Amino acid sequence: MYRTFRIIVLAILLLALLVLVPSPRFVFAEIIEYDLKPGKCIEPYEDCYLDEWHYEDPSISVSIEKGRMFDTNYMVARVKIANASQLRTEFTGSFYAPDKEQGATVARRVNAVLAINGDYYCEEKRMPFGYTCRQGKVYKNKINVYDESRGFSFDVLIIDENGDFHIERAPSPDYLKNHLPYTPINGFTFGPGIIIDGEVQTELFNHDFGGDSHFQRMAIAQVGPLEYMCICCEGPEDQGSAGMTIYQFAELCASFEGIQNCYNLDGGSSTTIVFRGQKVNSPTNPKHRWIPDIIYFATAYLPD
């Protein structure tokens, strides 16, 4: 009787160890931190793709889901990373001379686990206003240089050294240069800010980039520390989708719980989500536009 009891106890303990102890290949994992220098990161591990829409290793998890709202298909990628250096940006060429490349090409070059399009930053000759910061370097700080008769007023998204989002409403160049209470690592000019500090914004579009039109759209959001969402919708060129106005898209973004800050990026045919090295959104859209930059998430896992 006692011997049988010991065998049962040992079996329970062994089962508990099998459940609680991580896979042997993860036991001695090293999680690195990247420096700010742009370029190639660690390549994703093929055996960490759990299925067609999920990736997970000790430093990053990505989960992609689909849905439908306003007669339009949408896609959401949820991302959790181990440190802020895994949230990165990359130009297709340089700030002054972007190459004509699609997002998937750039994503493969830098070994992104997941990538999305950026903000159509443009160098100064083509767009003489805006704030552009990439990997800790400020390339342009002319947020209020524009034709005032057109009534432009831009929200700026800045991602700091901790990977936290800050949406600054119509900031001045002086504030961005001298008075930020955090260190900018990446900064974008497009907008609008859809959710700011947990509050859904009622004034959503105050420049003339087609807020009332039905388009493909893209947004990036922070849910919590080192936890993000990338949200996009299809457009009228996609089979079975009507596209969304900025107001409809904002309602879609606000339907997800827990978002602290959510920012609208470039849309239309630039809307891009890359996973497993391929563009996975809007599969029936014949338009594949070149884009000048990407925002991406990289693995930081090094097996021992």
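If you put +1 on each Lys and Arg Cβ and -1 on each Asp and Glu Cβ, how big is the dipole of the range 146-298 around its Cα centre, in Debye rounded to 20? Mind showing how you got there, number by number?
On the way: 8 positive and 21 negative charges, 119 e Å.
My answer is approximately 560 debye.
So, in nm, how far is label residue 47 from label residue 108 when the simple model puts each one 7 Å beyond its Cα toward the Cβ?
2.5 nm
Summing +1 for each Lys or Arg and -1 for each Asp or Glu, what net charge is found among the other residues whose Cβ lies under 11 Å from the Cβ of residue 287?
Net local charge, residue 287 excluded: -1.
Using a cut-off of under 14 Å, list every residue of the range 54-92 whose amide N is near the label point 7 Å from the Cα of residue 33 along the Cα-to-beta-carbon line.
82-87
Can you compute the charge dipole magnitude of the range 34-302 about its Cα centre, using +1 on each Lys and Arg Cβ and -1 on each Asp and Glu Cβ, nothing else charged? Give it in debye, rounded to the nearest 20.
Dipole of the range 34-302, to the nearest 20 debye: 780 debye.
Net charge near residue 234: determine it from the other residues with C-beta under 15 Å of the C-beta of residue 234, scoring Lys and Arg +1 and Asp and Glu -1.
After counting each charged neighbour, the total is +2.
Find the relative contact order for the range 34-302 and round it to a whole percent, using C-alpha pairs within less than 8 Å whose residues are 6+ positions apart.
Relative contact order here is 29 percent.
What's the exposure ranking of 89, 105, 284, going from fewest to most Cβ atoms within 10 Å?
Working: 89 23, 105 17, 284 11.
Lowest to highest Cβ neighbour count: 284, 105, 89.
As a quick test, which of the pairs 37/177; 66/100; 177/287 have an alpha carbon distance above 31 angstrom in this structure?
Going by Cα-Cα distance, 177/287 fall outside the 31 Å limit.
Every number here is computed from the coordinates shown, using simple stated rules; none is lab data. Note that the coordinates shown come from a computational prediction; the quantities given were computed from them, not determined experimentally. A quick note on method: Cβ atoms are made from the backbone with ideal geometry, for glycine too, and the neighbour counts reach across all protein chains shown.
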